[in-house]
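Report on the following structure.
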Amino acid sequence: REGTMRTERISWDAASGMLLGLAIGDALGAYLEFQQSREPENYLREYKSGGPHNLPAGYWTDDTSMALAIAKGLLERNGEFDPYLIMENFVSWMTDGDFSSTGTCFDIGMTCQIALGKYRKDTSNPYCGPTDPCSAGDGAIMRMAPVIIAARDEREALENALLQTRLTHGCTECLQYSEAFARELWVGKALKEYRHLKLSKNTNRKEVKSGGYVKETYQCAWWAVENTDSFEEAVITAVNSGHDADTVGAVTGQLAGRIYGCYSFPDWMFDGLYEHDQIRYLASELYELN
């Protein structure tokens, strides 16, 4: 990688915004996971302890843990994507609680669990994502930020986005949404060629779904971003859709963090996030690979 330059370089503000935004959305949504959607007058607007995993306020779940596992793998290889190392990091998280906010793996998606179980039985092929169309979960787009931050150019960002997806999510639909999400994170805006994948901005809030299906999560995130005008409101709007609230929050946080940058974050969102300084430092290390 020596002597290479990032084309159309993403700013440090936007790069840090993506990784911190991921963790903020994850932590804010953790309390709301598996709940029904809330009405705007009852939106949760603070980190709250408890929820289905009984977490302290500001702690994050599997979305951030898997992103940190990818980030560490990229840094250990000076930005090169080593699928075996990243899968080993995922397994260390699942079995030993590495990269977890609590020291244990307390939350893991079914598709990720299947893929990691397959890899543990046979480590010869790291690309263990199921290809069944019914396995189109959102567990790959939730952890996308590190490969985008570390990429030298858009081609590498897209290539590594699809590789990290295939580790645990191999179906065509997951790859389709990972492509769209990765390219839009790189450029920091919605792209016309993916308009057909999104909901209309005018879609009624009660028709926006957030159940863990990759299509729903991508659509909910973009709908939240397009119907608000700040990082804070985009993430709050997304997580209060409930259901897979932590992952919808993580995906929306990446998008809104890329668009608005980390300097736009209100103090309460940054200061209340578990290990916020370490996550910001990690984003800087990834950014400085190029």
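Mean separation of Cα pairs under 8 Å and 6 or more residues apart, divided by the residue count, gives segment 211-290 a relative contact order of 27 percent. Only helices enter this figure: runs of n ≥ 4 DSSP H residues, each worth -39500 (n - 2.57), summed and divided by the residues of the chain, yield -16000 deg cm²/dmol at 222 nm to the nearest 500.
Taking only C-alpha pairs under 8 Å that are 6+ residues apart, what is the relative contact order of the chain in percent?
Working: 590 pairs, mean separation 95.5, N = 290.
Normalised by residue count, the contact order of the chain is 33 percent.
Within segment 99-191, list the trypsin sites (Lys or Arg not before Pro) lying in a DSSP loop whose Cβ has at most 14 other Cβ atoms in a 10 Å radius.
Numbers: sites: Lys118, Arg120, Lys121, Arg143, Arg152, Arg155, Arg166, Arg183, Lys189; in loops: Arg152, Lys189.
When the trypsin sites (Lys or Arg not before Pro) of segment 99-191 are filtered for loop state and at most 14 Cβ neighbours within 10 Å, Lys189 remain.
Computed over the Cα atoms of the chain, pair by distinct pair, the Kirkwood hydrodynamic radius stands at 18.3 angstrom. Under 11 Å from the Cβ of Gly29, count the other residues' Cβ atoms, weight Lys and Arg +1, Asp and Glu -1, and hand me the total. Here the count lands on -4. Other residues whose C-beta falls under 13 angstrom from the C-beta of Ser16 contribute a net charge of -2, scoring Lys and Arg +1 and Asp and Glu -1. The residues neighbouring Phe81, those whose beta-carbon lies less than 9 Å from its own, together hold a net charge of -3 under the Lys/Arg +1, Asp/Glu -1 convention.
Keeping all protein chains in place and using 1.4 angstrom, which order do Cys220, Cys134 fall into by accessible surface area, from largest down? Mind showing how you got there, number by number?
On the way: Cys220 5, Cys134 125 Å².
Reading off the accessible areas and sorting them downward yields Cys134, Cys220.
Rounded, prolate or oblate for segment 179-269? Axes are the square roots of the Cα gyration tensor eigenvalues, ordered a ≥ b ≥ c, and the cut-off for rounded is a/c under 1.5.
Details: a/c = 1.57, a/b = 1.11, b/c = 1.42.
Oblate.
If I stretch the segment between Arg195 and Leu162 completely, what's the gain in nm (0.36 nm per residue apart, minus their alpha carbon distance), one decimal? Write down the numbers at each step before the final one.
Working: separation 33, 0.36 × 33 = 11.88 nm, distance 1.98 nm.
Result for the pair: 9.9 nm of gain on full extension.
Each label point is 7 Å from the Cα along the Cα-to-Cβ direction; what then is the distance between the points at Glu154 and Glu288, in nm? Rounded to a tenth, the inter-label distance reads 2.9 nm.
Accessible surface comparison of Leu85, Leu22, probe 1.4 Å, protein chains only, largest first: the order is Leu85, Leu22. Within segment 207-229, list the residues whose amide N lies under 12 Å from a label point set 7 Å along Cα→Cβ of Phe270. No residue qualifies, since no backbone N sits under 12 Å from the label point. The lysines whose alpha-carbon is closer than 26 Å to the alpha-carbon of Lys206, local same-chain residues fewer than 8 away aside, are Lys48, Lys189, Lys192, Lys198, Lys215. Of Arg258, Arg77, Arg205, the residue with the greatest mean-square motion in the GNM of the chain, using alpha carbon springs below 10 Å, is Arg77.
Does segment 113-196 come out rounded, prolate or oblate, given a ≥ b ≥ c as the square roots of the eigenvalues of its C-alpha gyration tensor, rounded meaning a/c under 1.5 and, failing that, prolate meaning a/b above b/c? Before the final figure, lay out the partial values.
On the way: a/c = 2.74, a/b = 1.60, b/c = 1.71.
Note, shape of segment 113-196 comes out oblate.
A cut-off of 5 Å between modelled amide H atoms, ignoring neighbours fewer than 5 places along the same chain, links Gly137 with Val214.
The values are calculated or read from the model by the stated rules, or taken from the named source; none is laboratory data. Just so it is clear, the model here is predicted, and its values are computed rather than measured. As a convention, Cβ positions derive from the backbone with ideal geometry for all residues, glycine included, and neighbour counts pool all protein chains shown. For accessibility, only protein heavy atoms count, side chains too; no ligands or nucleic acids. Shrake-Rupley method; radii C 1.70, N 1.55, O 1.52, S 1.80 Å.
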